[in-house]
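The values are calculated or read from the model by the stated rules, or taken from the named source; none is laboratory data. Predicted, not measured: the structure shown is a model, and the values here were computed from it. Note that each Cβ is placed from the backbone with ideal geometry, even for glycine, and that neighbours are counted across all protein chains shown.
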Amino acid sequence: MADRARTQPTQNGIIATLEQRLAQVPDAPGVYQMLDRNGEILYIGKAVSLRNRVRSYFQDSAAHHIRTQAMVERVADVRTIVVNNEVEALILEANLIKRHQPPYNVRLRDDKRYPYLKVTNEAFPRVVFTRMVKDDGARYFGPYTNAHGLRELIDLVRLVFPLRTCREPIDGRRKRPCLQYHIKRCLAPCVGYQTEPEYDAMIDEVVLFLEGKQESLLHRLQREMLEASEEFKFESAARIRDRIVHVRRVTENQKVVWRSRLDMDLIAAARAQGQACMQVFMVRGGKLIGQEHFILDGVHDQSDALLMGEFLKQFYTARTASAAEGNGVSALASTRVARDNQSPVPEKSRARKRAVTASAVPKEVLVQMLPGEELPLLEAWLSQLKGTRVRILQPRRGERADYMRLVQKNAEQNLKAFLAHQEVQESAQARSLTELADALELSEVPHRIECYDISNIQGTNPVASMVVFVEGRAKKSEYRKFKIQYDRGPNDFAMMQETLRRRLRYLRHETDHDATAPERQLAKKEKFNKKPNLLLIDGGKGQLHAVVEVLEEMDMTGIPVAGLAKEHEWLYVPGNPDPIVLAPNSAGLHLIMRVRDEAHRFAVTYHRQRRGKAMTQSALDALAGVGPVRRKRLLAAFGSVSAIKKASIDEIAAVKGMTPSLAAQIKSDLESPRAKGEA
């Protein structure tokens, strides 16, 4: 009864807050977010009129789909973001869905970040593999679903085009080229053997190659080869000849789809067992240059037209990198911020950014089904990205319709393979969790496993890792790393206890009715409010005993805990001095070993980062008023910290960005006993 008394006022408060929020929704275009009582985003949508759209969810006469009704019943709050027009709302909606992955939205399956090929935005750009798309002026090609295939493509690009691969700044200080120059894999711009205009011309050739415009590239290379031979530059002509051979080899493997040189994307869908697969064929210059497939989550009973519209938004948002990664705002908004802060974007960066969006969007998008009412809006948005008119068409007869049926067959085949793989994987995961629950005599299957490990060298730079496996699969978004505060020498037991106290205090705040609102909010923010079904410790009896002490201290002995000893891969549980020995071929043993190894990898990686950072620190890092720029200028002017100590105040003040008062302060700080000890 007491619990019900506590719950009723809380529910009434949620209803009152929601009614107040609905009364304040503006009558303007924008994006709305539906949140539950824990602050988690349930659904993200857009509307021409936020007031009309949001209120329609809560009208008594509204006839919602059963899934929408279930979502509405969980809504405790509504947030809105007002924009200038419907196109901006569409862009922002796609960016926010990609970032937050709400459970009631149709979304690209995001078990991992899809890889991209990136042509960096810097002097003498590089071609690199990345999973992070940023609004940094670089050129991104992708997304690719096959990371191995993308790495092979990058190797091919570097074979055909002698681009630099190093990150060394090209400032004219290097005296001789590296090995890459001697094996003809780089033309050594670092020592001035290749000028920036020459290098940029080669980057333009790379972009033509990646965009599938090999015919234009071949004409250009043949012209350059003839010009080089006429000028008796036979070595340059030979290198260009070899490049032509490689490009032709790639071109011969590409299938000609249309005799006319059309640029288009063909997109079809397949649905089965509550899942959907979207297949994309990319045609450039009449040739099929690539194909990808994507699995959609949140499909359920959504219409085919809605699925196509949601996929087009998220797919081309990813391809054009219009999200300013990290804050979820549109590129248009980030441009306005830069303008307001008087931070002009370089002309080269702007030109490259325009070229990225233009090349990523074809003139025609052929779809299996039209995206319904959003068709005009999507065409306007894609046309804005392209810079010219883009049409979304549904072929009904002729050659295009025949080819669309081929795209759909590929979608069906890929969906069939995915469902078969998923069935095998889920069966194996269920078997491993069941075996583990039986071996540890758990009351339920451990749906959420948290594993902890400590990493240090003789107590220096100590860290801890926490990895999370949900339903037998790693959930990397909930991994956490801890910088250990214990500083009394090597003591893994004390470090493990500190880690568990710091983690479990959030769980206590979430379940404790006496906890303050800020404490509960902090627990939600840190995503530590989810109770584990099993705590797995990398260690034997000693580590396990230390963890049990913390559980007893915090009155959380109800959480199952086990330790995995490395020597024999034996499990230990509280109250049982004998180990639990699982069969070597046991699926449960393989699962906990995989969890333990992942925790160890995560801890060691973080420890190496801390150790490497500590080894590169100097006395300059602790000086007040000396940031990265001034530190770099000081080291460039004097060469080392010891040379700065020997310099006079006037010599230090002469460095760009320094003042006499700051120079005097730096001189004083470097001569202090503490600075000498650090140096």
**Message:** List the residue pairs whose Cβ atoms are under 7 Å apart, where the first residue sits in region 369-385 and is farther than 15 Å from THR317 by Cβ, the second is modelled with pLDDT of 90 or more and among the polar types (S, T, N, Q), and the two are 6 or more positions apart or on different chains.
**Reply:** MET369/GLN394; LEU370/GLN394
**Message:** Restricting to region 247-306, name every residue that is modelled with pLDDT of 75 or more, assigned to a loop (DSSP other than H, G, I, E, B) and at negative phi.
**Reply:** LEU262, ASP263, VAL299, GLN302, SER303
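One line per residue, one yes/no per condition, for (1) more than 29 Å from the chain's Cα centre (by Cα); (2) within 17 Å of LEU262 (Cβ to Cβ):
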| site | (1), (2) |
| --- | --- |
| PRO371 | no, no |
| GLN384 | no, no |
| LEU393 | yes, yes |
| ARG405 | yes, no |
| ASN410 | no, no |
| ASN414 | no, no |
| HIS421 | no, no |
**Asked** Does GLU211 qualify as being in contact (Cβ under 8 Å) with a residue 24 or more places away in the chain, touching a Ser or Thr at 6+ places or on another chain (Cβ under 7 Å) and under 30 Å from GLY286 (Cβ atoms)?
**Response** yes
**Request:** Mind listing whichever residues of region 204-243 are buried (at least 16 other Cβ atoms within 10 Å of the Cβ), within 36 Å of the chain's Cα centre (by Cα) and not basic (Lys, Arg)?
**Result:** GLU205, VAL206, VAL207, LEU208, PHE209, LEU210, GLU211, GLY212, GLN214, LEU217, LEU218
**Item:** Filtered residue count, region 531-558, keeping only those that are surrounded by fewer than 22 Cβ atoms within 10 Å (Cβ to Cβ), in contact with a Leu (Cβ under 8 Å, 6 or more places away or on another chain) and in contact (Cβ under 8 Å) with a residue 40 or more places away in the chain
**Value:** 6
**Message:** Given the criteria surrounded by 17 or more Cβ atoms within 10 Å (Cβ to Cβ), assigned by TED's automatic domain parsing to the domain that holds PRO197 and not β-branched (Val, Ile, Thr), does LEU108 qualify?
**Reply:** no
**Request:** Output the qualifying pairs, or none if there are none: Cβ atoms under 6 angstrom, residues six or more apart or on different chains, first residue in region 465-478 and at pLDDT 90 or above, second residue of a type in the set (Val, Ile, Thr).
**Result:** PHE469/ILE449; PHE469/VAL595
**Message:** For region 605-620: of the residues being assigned to a helix (DSSP H, G or I) and exposed (fewer than 13 other Cβ atoms within 10 Å of the Cβ), which is modelled with the lowest pLDDT?
**Reply:** MET615
**Request:** Find the helices (runs of 4 or more DSSP H) located wholly in region 323-437 whose residues include 2 or more that are modelled with pLDDT of 90 or more, touching a Gly at 6+ places or on another chain (Cβ under 9 Å) and under 24 Å from GLN101 (Cα atoms), and list them.
**Result:** 375-386
